[in-house]
Amino acid sequence: VTAVEPARAMLAAVAAAAAPRVRAVHATAEATGLPGGAFDLVVLADAVQWVDPELAGHEAARLLAPGGALALVEAAFAATPFMTALAEALSGANPKARPRPVGAARQLMALAAPGASPSAERFRQEAPLAPGALEAVVRSFTFTGPALGPAALDALLARLRVAAGDGPAAFARDVTVRWVRRPRRAA
């Protein structure tokens, strides 16, 4: 398993948690520097909004072995009162947060496996937030935890605690996993 990550802090966390089972590579999805045709599976998880779909699609095509698959994991906040309040608070705290570009997943898959028909499966991920877990979740978002200063992060957390109310809040996302298999070449 090879993990590609452009953020050095995240890469270090992966390396510390998974070495030696996972090889951590400092690169982007658009230019990995990895050998072409060497991978049976390329996964882009919860990051479509951060990549150039054309460049990442070409790179995935280059990386995939014949018959290999590209899988995209896309998560969106579920339409619950708490998650709606969370989305509003997050966008207010950092208006530079990037929405997922329309059609990016389709473009990535079409470039990685031309002519292949994509498949998709959708499911709901929901977990109650234990006391103190809300802060850990908010800090894990790239566009809040690392991007906001301490005062802005504290103000955001205070607003979210009010939104959570007296009961335990649930973190709920609708997750879509899309995949497409690259055709095998004739021998």
Review point. Which one of these is assigned to a loop (DSSP other than H, G, I, E, B) and under 23 Å from Ala104 (Cβ atoms): Gly37, Gly33?
Key: Gly33
Exercise for review: Of the conditions (1) modelled with pLDDT of 95 or more; (2) loosely packed, with under 14 Cβ neighbours inside 10 Å; (3) of a type in the set (D, E, K, R), Arg8 clears all except one; give me its number.
Suggested key: (1)
Check your understanding: Of the residues Ala61, Ala13, Ala24, which is farther than 19 Å from Ala112 by Cβ and either touching a Leu at 6+ places or on another chain (Cβ under 9 Å) or part of a strand (DSSP E or B) (or both)?
Key -> Ala24
Exercise for review: Please state which one of Glu30, Glu74 is in contact with a strand residue (DSSP E or B) (Cβ under 6 Å, 6 or more places away or on another chain), buried (at least 16 other Cβ atoms within 10 Å of the Cβ) and acidic (Asp, Glu).
Suggested key: Glu74
Check your understanding: Does Arg106 fit the bill of being surrounded by 15 or more Cβ atoms within 10 Å (Cβ to Cβ), assigned to a helix (DSSP H, G or I), out of contact with any Cys (no Cβ under 7 Å at 6 or more places or on another chain) and modelled with pLDDT of 80 or more?
Key -> yes
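The values are calculated or read from the model by the stated rules, or taken from the named source; none is laboratory data. Since this is a predicted model, take the numbers as computed values, not measurements. Heads up, the Cβs are rebuilt from the backbone with ideal geometry, glycines too, and the neighbour counts pull from every protein chain shown.
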